[in-house]
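Okay, structure first, notes after.
The values are calculated or read from the model by the stated rules, or taken from the named source; none is laboratory data. None of the values given here were measured: they were computed from a predicted structure. All Cβ positions, even for glycine, are placed from backbone atoms using ideal geometry, and neighbour counts span all protein chains on display. When the accessible area is computed, the model is the full protein with side chains, heavy atoms only, and any ligands, DNA or RNA have been set aside. Shrake-Rupley method; radii C 1.70, N 1.55, O 1.52, S 1.80 Å.
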Amino acid sequence: GTQTFTSNGTFTVPAGVTKILVTAFGGGGGGSGAAGGGGGERIIKKAYSVTPGTAISIKIGVGGTDAVAGGSTVIGSLVTVAGGISGNGTVPNTYKGTVGGRGKANGQDNFMAYGGKSGGDKGGGGGGAGYDNGGQGASYGDYTHDGGDGGIGAGGGGGGYGLYPERYGKGGKGGDGIVIIEW
């Protein structure tokens, strides 16, 4: 069977099941200024031993808003999957998510989703993640424009744009995480 979580919940291990496969993504980071947020970290069909009848809590990482990192997705005591960095965040050496574009750059792709496209001048695209793409960077305009939101499975939010840096639009919201459990 398969059970998918796009909001918090509980997975009860079915009778006779001793192993599950987990696919999960942390929440995408919010865009900031002209930079797109990063896509959340991920695990794909990772096997875990479980006990039948056990209730496993599922906490879905919420996508970050303007200049806020994405939240972690937590599957009981089995695993925690980190959220994406915000558009103004520093990329740590241990980071396993995708990176949003800065300025004119597109967001980074991964093997499952495309990074968001740059707005063409200043707004960088959000990083790709799970089952949908990173947010679109804002396009050129005389005044402020907000970046696009990342898709489900934690695409990063797109960067905003403004004629002057002090008037950038808001970064787009990162997509929320997702958990898929198979047995």
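Quick check, is THR23 outside any loop (DSSP other than H, G, I, E, B), farther than 20 Å from MET112 by Cβ and touching a strand residue (DSSP E or B) at 6+ places or on another chain (Cβ under 7 Å)?
So THR23 fails the test.
Restricting to the range 148-183, what's the tally of residues that are more than 15 Å from the chain's Cα centre (by Cα) and either at pLDDT below 75 or buried (at least 24 other Cβ atoms within 10 Å of the Cβ) (or both)?
Total satisfying the criteria: 10.
Within the range 114-121, does at least one residue satisfy the condition of being modelled with pLDDT under 80, within 30 Å of LEU21 (Cβ to Cβ) and open to solvent by 60 Å² or more (accessible area, probe 1.4 Å)?
yes
Condition first: at pLDDT below 95 and in contact with a Lys or Arg (Cβ under 6 Å, 6 or more places away or on another chain). Now tell me which residues in the range 31-77 satisfy that.
Selection gives ALA34, ALA35, GLU41, GLY63, THR65, ASP66.
So which strands (runs of 3 or more DSSP E) are wholly in the range 27-83 and hold at least 3 residues that are touching a helix residue (DSSP H, G or I) at 6+ places or on another chain (Cβ under 9 Å) and surrounded by fewer than 20 Cβ atoms within 10 Å (Cβ to Cβ)?
none
Every residue, every condition in (1) under 18 Å from the mean Cα position of the chain (by Cα); (2) of a type outside the set (S, T, N, Q); (3) at positive phi, yes or no:
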{"position": "VAL17", "(1), (2), (3)": "no, yes, no"}
{"position": "LYS46", "(1), (2), (3)": "no, yes, no"}
{"position": "THR54", "(1), (2), (3)": "no, no, no"}
{"position": "SER57", "(1), (2), (3)": "no, no, no"}
{"position": "ALA67", "(1), (2), (3)": "yes, yes, yes"}
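Could you grab me the full set of residues in the range 53-66 that are touching a Gly at 6+ places or on another chain (Cβ under 6 Å) and more than 10 Å from GLY27 (Cβ to Cβ)?
ILE56, SER57, ILE58, THR65, ASP66
Residues in the range 84-98: is at least one open to solvent by 30 Å² or more (accessible area, probe 1.4 Å), at pLDDT 85 or above, among the aliphatic types (A, V, I, L, M) and touching an Asp or Glu at 6+ places or on another chain (Cβ under 9 Å)?
No.
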